1. Cβ-Cβ below 9 Å, separation at least six or inter-chain, first residue in the range 351-379 and under 13 Å from Val402 (Cα atoms), second open to solvent by less than 60 Å² (accessible area, probe 1.4 Å) and basic (Lys, Arg): which pairs?
2. Among what's in the range 184-206 and is assigned to a helix (DSSP H, G or I) and of a type outside the set (Gly, Ala, Ser), pick the residue that is most open to solvent (accessible area, probe 1.4 Å).
3. When you go through Ala58, Ala92 one by one, which is the residue that is within 23 Å of the chain's Cα centre (by Cα) and free of Cβ contacts under 8 Å to residues at least 12 places away in the same chain?
4. Taking the conditions exactly as written (modelled with pLDDT under 85 and either touching a Phe, Trp or Tyr at 6+ places or on another chain (Cβ under 7 Å) or of a type outside the set (S, T, N, Q) (or both)), does Leu45 satisfy them or not?
5. Name the pairs: first residue in the range 172-190 and of a type in the set (Ser, Thr, Tyr), second residue open to solvent by 50 Å² or more (accessible area, probe 1.4 Å) and at pLDDT below 90, Cβ to Cβ under 9 Å, at least 6 apart or on different chains?
6. Scanning the range 129-148 for residues that are open to solvent by less than 20 Å² (accessible area, probe 1.4 Å) and aliphatic (A, V, I, L, M), which turns out nearest to the chain's Cα centre (by Cα)?
7. Report whether or not Ala213 is aliphatic (A, V, I, L, M) and within 14 Å of Gly141 (Cα to Cα).
8. Specify the residue that is surrounded by the most Cβ atoms within 10 Å (Cβ to Cβ); the eligible residues are those in the range 76-101 that are modelled with pLDDT of 80 or more and among the β-branched types (Val, Ile, Thr).
Amino acid sequence: MKALLDGLKALGAARLAALALVGLGTLTLLAMLALHGGSERMAPLYTDLDMRDAAQMAEQLERAHITHQLGGGGTEILVPASRVADARVLLARDGLPSGGTIGYELFDRTDSLTASPAEIDIARTRALEGELARTIRAIRGVRSVRVHLVLPRREPFQRDQQEAQASVLLSMAGATRMDREGVQAVLNLIAAAVPGLKPRNIAVIDSRGDVLARAGAPVGPGGSSLSAAEIRQATELRLSRAVEEMLERSLGPGHVRAEAAVDMNFDQLRETEERYDPDGQVVRSQQSTSDKSKSSEANSSVSVQNNLPNADAGGGGTGSEDQRQEDTTNYEISKTVRTLVHDEPQIKRVSVAVMVDGTSAAGPDGKPAWHERPQEDIARITALVRSAIGFDEKRGDRVEVVSMRFAGDEDAPVRAASAFGLPLERADLLHLAQLLLFAVIGLVALLAVLRPMVQRLTMVAPAALAAPERAGEGQAALAGSSASGALPAPGGVPALPAPAGSRAPDDERMVNLANIEGQMRASSIRKVTELVDKHPDESLAIVRSWMAQEAS
């Protein structure tokens, strides 16, 4: 132990301080490597979670002994990348994530024997609200939903029963908007799930404060007619949604935005037209009348002829005959009566503006670079949009498609190039670089610090072990040392050789010198001393040259 302390003292204060700093840094790096170097890369399990869901999920993962971390202020859970699928299956078995709502599992936590009727009614209402919220949240585009129910209850001494009512608050994801068909679907869903609830008693609003369905107003085809603004907004929303859904199949969700502006004519037109066709005649009725009459009178004159035998007695009479025939035919002339009623608004002009995101790829420096879409892609997208909206150039329709950079694309992860034929991501490359850095620092510390220190300690130890043997040689060794004029150093090793010409019996021993790294033989030091004594001027010139080199 004493030899070790002597070796450390021989290094000097500066070297000891440097050695301590390097050793501390090495231990720190080794500790970091032990704690984080072997840990698996964490991947997000679920994001944008409700606090209640995050707490339940963390509890389930802890029971299953799955390593997890909370991030995003408690709204994000990270697990090892290889355990993501297992964790999702485990949580799905317990109905997680549930969106922070409680459904019929509420009755699993209550004791029906001690609960009062009022508590049971409240629990039933909460469970029904939670189940409805979970079902509505399954609709595409709905991020979160709140449902409030007022179930019917008959008050004492009252004949009429209060009707069931409901109010719904929808929070849509991003810029997604719910059209009238979606609102009608929500109304029908809630009305069919709650006994005694009618669609007209349901109020629906969104997170922007827009009223989607008014309580007390008729709904459905038999309801009151929509206002002009509502009809125009519904038409614009339908066109915008159709364009976005069509382009998202190719460009990806969140990389396209469409807005439609529709100019409509709400004038009601009633037109009546009556036409007669002279060539189109049809016999409606036909009547024929025939009349014939005949009358005669005797001749009262007396003549020879009348008195002759076989004379015509009536030949001398007079008479009249009348015959009449009448035909009546009635014709029906063809007539066309046409009545046109335009109650629905007519579209006068449609204008659609479409903004599509560009492409992002790794640049020469490895950083993501954004590029606009080629004009060929813009032309194809424009043709698709025109077909989707029923473009009519005579009507004055207009379609504009622009490629612009969407906000947040600079933070989008870009897949790194494959290394050695392996699809490595940026996180994997950073992890490998960290391990390589720790390995290089450990190797440098081993070669530059630990190796010289071990060599020094192994060279000092034999000298320390040989000291007792030399001390036991008797007074002869001590006398020789006194005669040579050398001062014994601690441990029996002389610090300086004798300047005289007498030679010590152990000239081959190793000697430590101050400010000199390593050890030297005593015979070598003696020879240098003799050369300096014989040639003082040359020795002085050599020392001066060394000093001049250090100064330069």
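1. Qualifying pairs under 9 Å: Val356/Arg373; Asp357/Arg373; Gly358/Arg373.
2. By that ranking, first place goes to Asn188.
3. Working: Ala58 fails: free of Cβ contacts under 8 Å to residues at least 12 places away in the same chain.
Only one candidate qualifies: Ala92.
4. No, not satisfied.
5. Sorted first by the residue in the range 172-190, then by its partner, the pairs are Thr176/Arg140; Thr176/Arg143; Thr176/Arg241.
6. So the residue we want is Val142.
7. Taking the combined requirement at face value, the residue does not satisfy it.
8. Of everything passing the filter in the range 76-101, Ile77 is surrounded by the most Cβ atoms within 10 Å (Cβ to Cβ).
The values are calculated or read from the model by the stated rules, or taken from the named source; none is laboratory data. Nothing here was measured: the structure is a model prediction, and the numbers come from that model. Glycine gets a Cβ as well: all are built from the backbone with ideal geometry, and neighbour counts include every protein chain shown. To get the accessible areas, we keep the full protein, side chains included, count just its heavy atoms, and leave off ligands, DNA and RNA. Shrake-Rupley method; radii C 1.70, N 1.55, O 1.52, S 1.80 Å.
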